[in-house]
Amino acid sequence: MDISCRRGSIVCFYAILIGLLLTFSSTGSYAARDWQSFHTGWLPVSPAADTIKGTVKSHQFPLVGYRISLYANFTIAGGFQRKLATAVSEEDGSFSLHFRLPPGLLETMPPVLLVVAEKGEVTLATVVAGNDVPSKLVVNERTTVAMATAFAQFIHGKKLRGNHVGMQNAVKMAANMAVPSTGLVSPVLLQKPNGNETSTLPTFNALSNVVAACVATQQHCEQLFVATTQVGEAPVDNVLQAIANAARYPSYPYYPQDSADPLFLLSLAAPVYQPALPQRPTSWLLFIKFTGGNYSAQDQFNLINGPGNIAFDAEGSAWILNNYVPKATNENACASQRLLRFQPWGETYPGSPYYGGGLSGAGFGITLDPRGRIWVGNFGFESPACADGTVPPDPDNKIPATHNSVSLFHKSGRPISREQGFTRGNIWWPQGTVSDRRGNIWVANCGNDTVTMIPGGNPLLAKNFPLPGSNPDLQPTESPSLKPFAIAIDRRGRAWITGNKSERLYRIDRRGRVEEVDITGVELSWPMGISSDSKGNMWVSNSDAVNVPCVDPLDTQGGGNPSMVFIPADGSAPVQVFGQGGLSIPWGNAVDGSDTIWVFNFGHTPFEDAQEDTVWPDTGVSRFCGSGECPQGMSVGDAISPDTGYTSDALERITGGGIDPSGNLWLLNNWKKIGPFVYDTNPGSNSFVIVPGAATPVKTPLIGVPRHFR
């Protein structure tokens, strides 16, 4: 067996036993064995026998003579794959697979079942969960693209290998794109807010047409393999790896010249799936949009309004804070009192949204602590009419908003803090809210130029640290001078804080020693987000445009020169500034498991010229080579994304985002594109976007520096 185990490891022991069970079952001798259940009840007396019947198709046409293989991919003990059954497709494309699994694993560690259909250079596939096997399957180009995209970070040649959480969640993500039992487009892609409202479905169909071209002609397969082979990596020799590479390396050079993108040309060779892209995209990423339902229009019945930032729990569930109460664009939106939670594949989590705990217009601050609890900074976002009394005051509904607390929730969604939240520590207009590995909670108080630390998550012990240059006599209604905004924790447990208005960077250690970070030779320009990589290097988003509304109203700056600042952890190398990559008001940012930096853009300027009919360019996500694995020929700070960024009409104005254990990129549409025009009523957007398989997976929750799964 291809497993590496530590001597005495119980997980390894189970893994070996599973392999033996599968060996016996595949040879037919298992029934003669009288395996007994362990005292844990984890393994059963006999294996589960099952049959999968299916059809291999290209569009509506059956494919005959394809060799069908069923693999069980177990994700314990480093992961291993076992072939369970084989068959050959008949004249009508049909096949039947008879297999057995040890059913005691289905509740605790269900395998990922991969069905592969091969003939010559063509590889088609679909994927299902071992504890939810449909009686019928269709394997076609659409299921192949869905599987290879969702598992892009786990495909290695023709095998799957990856972390348990990410692999399990990727099964459901694949089903967001194609239905395994029918081979049809999933309702998630087919209906609002996707469907004909974004280019995501046409992009998915174009990729399916790329695979259809390979099915039609061997020459097209060879062209696909060449097009998706990366310099310095082994040549691609199968369709699954090719489509996975299209997600991992989604843009080709010389955009927008169509002739320079071989995938787009291949998509035109056998365009059986429609609607498909009429022209080359900026990337082959799939931007799947979610609003909490099959709708796009904004009104009071929406789930979301102004998602600001995100945190993932250990299972990959997404916790998203929400700025405003849902309202139509022309109605005044007051402070939200809801915390949102979503399944790792974007479906609303049962019981979500959650209320109470003092929630009041949360802004950019959300984190999980080492105990799995969720902390939220209550910035108090609201329409000016909610603050000045135009909307009648209603303290029970936080009208006007409060700006002086953080809220704490149990991992079940139950509020732990009371209706006023935790207010000790001189909290005022809090933004960044971050936990370190010891469970200390750090809060950036944008409104009074200080940082609050809650030692060990005990609000009774909250401490407050003024930042250098702050005014000790600042009044609650006065505009702050520094505007601390975002926080990141380094490998030594120190908190790094961006000063948005001061255009400075600060650092505080656990003992409360505060200092301004020396970045001689480099200027910060209205900085926003900050992230640490696994080595403790820091990345700062230079917005060059946003003076954060904090006590005072929105005051936009000129913009036009956004950048990313890289600050080496050990100070041995100079601080560097990088541009390009499609930067357009960089707000938040995140580092993936390969120490690649992803930047979330707030769209385009100038704000002051915004009109109701202003046509805004598509928003893009920017990607830069970091301190870890880089494409060959690139080094730290080189832009991987094109000069446009990875754009999509599913994106609006993004503030926050993150990377989950499957390598999915989550992007929060905080404002509508026309948000600056309707700032005084309701600028918030009602959606977020998931990009499957784009980034290297990250262990969650993210506490301190990012951790990978290697």
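Glu197 accessible area, nearest 10 Å², 1.4 Å probe?
Approximately 70 Å² of Glu197 is accessible to the 1.4 Å probe.
Angle check, please: helix 164-175 long axis (alpha carbons) against the longest principal axis of the chain (alpha carbons), in degrees 0 to 90, nearest 10.
For helix 164-175, the angle is close to 80 degrees.
Pop out the ³J(HN,Hα) list for region 374-389 in order, Karplus 6.51 cos²θ - 1.76 cosθ + 1.60 with θ = phi - 60°, rounded to Hz; leave Gly and Pro as x.
Once rounded to whole Hz, the list reads 10, 10, 9, x, 8, 5, x, 4, 6, 5, x, 5, 6, 8, 9, x.
Given Cα pairs under 8 Å that are at least 6 residues apart, what percent is the relative contact order of region 361-470?
23
Where does each of 276-286, 407-417, 139-149 land if you order them by average Cβ count within 10 Å, highest first? Could the numbers behind the result be given before it?
Values: 276-286: 21.0, 407-417: 18.4, 139-149: 29.7.
Order by mean packing, descending: 139-149, 276-286, 407-417.
At 1.4 Å probe radius, can you tell me the per residue accessible area of the chain in Å²? Present the calculation step by step, with values, prior to reporting the outcome.
On the way: 26710 Å² over 710 residues.
Value returned for the chain: 38 Å² of accessible area per residue.
When Lys and Arg each count +1 and Asp and Glu each count -1, what net charge do the other residues less than 12 Å away from Pro62, Cβ to Cβ, add up to? Can you show the working numbers first?
Numbers: positive: Lys57; negative: Glu90, Glu91, Asp92.
Taking every other residue near Pro62 into account, the sum is -2.
Using only protein heavy atoms and a 1.4 Å probe, report how much of Cys550 is accessible, in Å² to the nearest 10.
0
At a 1.4 Å probe, what is the % contribution of carbon and sulfur to the accessible area of the chain? Each step should come with its number before you reach the end.
Details: 13420 of 26710 Å².
Answer for the chain is 50 percent, counting heavy atoms of protein chains only.
Find out how many positive minus negative residues lie around Thr198, taking Lys and Arg as positive, Asp and Glu as negative, among other residues whose Cβ is under 14 Å from that of Thr198. Write out the running numbers ahead of the final one.
Details: positive: Lys192, Lys289, Lys673; negative: Glu197, Asp618, Asp649, Glu652.
My count for the surroundings of Thr198 gives -1.
Distance between Cα centroids, region 218-279 to region 461-501: provide it in whole Å.
Cα centres, region 218-279 to region 461-501: 48 Å.
Going by a ≥ b ≥ c, the root eigenvalues of the Cα gyration tensor, does region 378-482 fall in the rounded group (a/c under 1.5), the prolate group (a/b larger than b/c) or the oblate group?
Details: a/c = 2.42, a/b = 1.13, b/c = 2.14.
It is oblate, given that a/c is not under 1.5 and a/b is not larger than b/c.
Please report the antiparallel percentage of the DSSP beta bridges confined to the chain, to the nearest 5.
On the way: 124 of 128 bridges.
Counting only bridges with both partners in the chain, antiparallel ones make up about 95 percent.
For a test of the definition: using alpha carbon positions, the gyration tensor, and the 1.5 limit on a/c, classify region 92-171 as rounded, prolate or oblate. Mind dumping the intermediate values first?
Details: a/c = 2.00, a/b = 1.20, b/c = 1.67.
Verdict is oblate for region 92-171.
Compute the relative contact order of the chain as a whole-number percentage, counting only Cα pairs closer than 8 Å that sit 6 or more residues apart in sequence. List each step's numbers first, then the result.
On the way: 2005 pairs, mean separation 72.1, N = 710.
Computed value for the chain: 10 percent relative contact order.
Evaluate 2.2 N^0.38 Å with N set to the residue count of region 142-243, then give the Cα radius of gyration divided by it. Present the calculation step by step, with values, prior to reporting the outcome.
Working: Rg = 14.3 Å, N = 102, 2.2 N^0.38 = 12.8 Å.
Against the empirical 2.2 N^0.38 Å value, I get 1.12 for region 142-243.
Helix 218-228 sits at what angle to the longest principal axis of the chain, using alpha carbons and giving 0 to 90 degrees rounded to 10?
Once rounded, one gets 30 degrees.
How big is the gap, in Å, between the Cα center of region 174-202 and the Cα center of region 605-683?
Centre-to-centre distance over Cα atoms comes out at 23 Å.
Students often check this: by mean Cβ neighbours within 10 Å, which of 495-505, 53-63 ranks highest, and how do the rest follow? Don't skip to the end; give the middle numbers.
Details: 495-505: 23.5, 53-63: 18.4.
Per-residue Cβ counts within 10 Å, averaged per peptide and sorted highest first, yield 495-505, 53-63.
Quick one: Karplus J couplings for region 262-273, per residue in order, coefficients 6.51, -1.76, 1.60, θ = phi - 60°, nearest Hz, x for Gly and Pro?
Here the 3J(HN,Hα) series is x, 5, 4, 5, 5, 5, 8, 6, 9, x, 7, 9 Hz.
Near Val636, within a Cβ-to-Cβ distance under 15 Å, what is the net charge of the other residues, with Lys and Arg +1 and Asp and Glu -1?
Values: positive: Lys535, Arg623; negative: Asp533, Asp570, Asp592, Asp595, Glu629, Asp638.
Charge balance near Val636 sits at -4.
Rounded, prolate or oblate: pick one for region 438-543, where a ≥ b ≥ c are the square roots of the eigenvalues of its C-alpha gyration tensor, a/c under 1.5 means rounded, and failing that, prolate if a/b is larger than b/c, else oblate.
Details: a/c = 1.86, a/b = 1.02, b/c = 1.82.
Oblate is the answer for region 438-543, as a/c is 1.5 or above yet b/c matches or exceeds a/b.
If I fit a long axis through the Cα atoms of helix 239-248 and take the longest principal axis of the Cα atoms of the chain, what angle between them do I get, 0 to 90°, rounded to 10?
That works out to roughly 10 degrees.
To the nearest 20 Debye, how big is the dipole of region 352-450 about its Cα centre, given +1 on the beta carbon of each Lys and Arg and -1 on that of each Asp and Glu? Display every interim value, and only then the final one.
Values: 9 positive and 8 negative charges, 129 e Å.
Roughly 620 debye, rounded to the nearest 20.
The values are calculated or read from the model by the stated rules, or taken from the named source; none is laboratory data. Being a predicted model, the structure only gives us computed values, none of them experimental. Please note: Cβ atoms are built from the backbone with ideal geometry, for glycine as well, and neighbour counts cover all protein chains shown. Each accessible area value is taken on the protein alone, full model and side chains, heavy atoms only, with ligands, DNA and RNA left out. Shrake-Rupley method; radii C 1.70, N 1.55, O 1.52, S 1.80 Å.
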